[in-house]
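The values are calculated or read from the model by the stated rules, or taken from the named source; none is laboratory data. These numbers come from a predicted model, not from an experiment. Reconstructed Cβ throughout: ideal geometry from the backbone, glycine too, with neighbour counts over all protein chains shown. The protein model used for the area step is the full one, side chains on, heavy atoms only, and it has no ligands, DNA or RNA in it. Shrake-Rupley method; radii C 1.70, N 1.55, O 1.52, S 1.80 Å.
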Amino acid sequence: RKQLCGRHQLRGAVVGGIYRAGETNAELYNPATGTWILTDPMNVARFNHTATLLPDGVVLVDGGDNGGEGISDAELYDPGTGTWTTTCSLNAARWGQSATLLPDGSVLTAGGYSGSASLPSSELSPAPLPDTEFLYGSSMTPARSVHTATLLPDGLVLVAGGYNYPMLSLSNADLYNPGTGMWTNTGSLNTARDFHTATLLPNDLVLVAGGLDTTEGEGVTLSSAELYSPVTGVWTDTGSLNTDRVWHTSTLLPDGLVLVAGGESGSGVTPSAELYNPATGMWTNTGSLHTARLYHTATLLPTGLVLVAGGEDTTGYTASAELYYPATGMWTNTGSLYTARAWHTAALLPNGLVLVAGGENRSGIIPSAELYNPFTGMWTNTGSLYTAREYHTSTLLPTGLVVVAGGYDGDGALASAELYNPASGMWSTNVGSLNTGRYYHTATLLPSGFVIVAGGNDTDGDYLGSGELFYP
């Protein structure tokens, strides 16, 4: 990773201070135990300095006094390693200053004193990272595709299941730590599965449901479901789906229930839908879709309704779309897509519209994109992708832009990425490419605003364990 001129999660820390002429000591406070422990000391003794927690969990300490005229030195504390590294110095030695973290991740240091004279000047740390780009992280074990990735409340990312030939369906699960950039194994699923869904529940457990189990060779569609506890790192079985299914969607509703809709069961493409109740651990059937479908998308709208769009039905690719009403448990048809498609992505924009992009239909892999307006129930075409793609990811960034990354174009895995600007309705390729072309991967927005892209297949169809970080 690139340094700040560098930057990981910190519970609490006290650094430096005055004892005689200044201290280098640093201590960590653990709220769970109410105790303090020593960590590595700073490189420079100081007091009347500042300490700023940066978006990726590293702490920037700058300035201060050591019985002289002030200090210009600055250093970074990395909780992942427990060590300090020197970083760019302040332009002016100062103590008693203020330090403010700005939305772009830079730090404004202002005022203070130089010796006994007050300072009117201020300065900015460099932006924490360079322009938009993808950079390598560490690798998962094992490599995988068609898995799920879920951001946990503690900021870690849970990757579960997936597929890897010749290992076939996987039960393995890994945790990604943005603070260290490392993957570690956690408890394995009770049932190996791929093409399943994963949903973070209000009680902080992760619900995994359905999917395909190919460990015995020919795939078996699953009805089983299980829960992951971030506290214990253990999976426990919960109530099974009423209908076995794969290539379905899963949506957390505002009332805390989980809606699973469509997919393929052992008897074929299904229109059925059901609700999971975390309080009881049971599934109940709800109203069925008007159109049986798989490879579709489901998006929770600001109104609390769920929009299901596209996919494949019993006759082929469909342009139809439907709305689920949680209050009645029923579906109603809404405006159809201009272009039938499956294996596309859907992203809810800050303005309440839904962006659908890419996918495939009878004409092949498509670049077109459309917007759904919940207020009119209609779709309108918007700017097309520069590159036709399917099996890609689509992520809404804190800036309001949408980044589409990777995918498959018919010839192989794509490394290219594009940004959609809702204000202009256009896509831009002025964005870094993935280091490795990949499809069937996952993309997860981190609290820092970065995106972790993980796993998938490369152009040769090989399975990837690598992860990459996207810096908007």
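What is region 404-452 by shape, rounded, prolate or oblate, if you read a ≥ b ≥ c off the alpha carbon gyration tensor as root eigenvalues and call it rounded for a/c under 1.5, prolate for a/b larger than b/c, and oblate otherwise? The shape class here is oblate.
With Cα extents along the principal axes in Å defined as stated, name the option among (i) 80, 47, 47; (ii) 69, 59, 43; (iii) 71, 63, 37 computed from the structure displayed. Step by step, Cα extents along the principal axes in Å for this structure corresponds to label (i). With θ taken as phi - 60° and the Karplus curve 6.51 cos²θ - 1.76 cosθ + 1.60 applied, the whole-hertz 3J(HN,Hα) list for region 286-297 is 10, x, 7, 4, 5, 10, 4, 7, 9, 6, 9, 10 Hz, x standing for glycine and proline.
Put simply, the amide H of Leu119, placed in the peptide plane, has neighbours under 5 Å in Gly112, Tyr113, Ser114, leaving out anything fewer than 5 places away on its chain. At q = 0.13, 0.14, 0.19 Å⁻¹ the log10 of I(q)/I(0) for region 195-303 amounts to -0.45, -0.52, -0.95, computed by Debye summation with a single uniform scatterer per C-alpha, solvent ignored. For the chain, with all protein chains in place and a probe radius of 1.4 Å, 53% of the accessible heavy-atom surface sits on carbon or sulfur.
Provide the FRET efficiency to the nearest 0.05 for the Asn381-Ser116 pair, computing r from the beta carbons and using R0 = 60 Å.
On the way: r = 67 Å, r/R0 = 1.11.
In this case the efficiency is close to 0.35.
Take the chain with all the other protein chains still there, run a 1.4 Å probe, and you get 40 Å² of accessible area per residue. Peptides 54-62, 383-391, ordered by how many other C-beta atoms sit within 10 Å of their residues on average, highest first, read 54-62, 383-391.
Ordering 165-173, 26-34 by mean Cβ neighbour count within 10 Å, with the highest value first, yields 165-173, 26-34.
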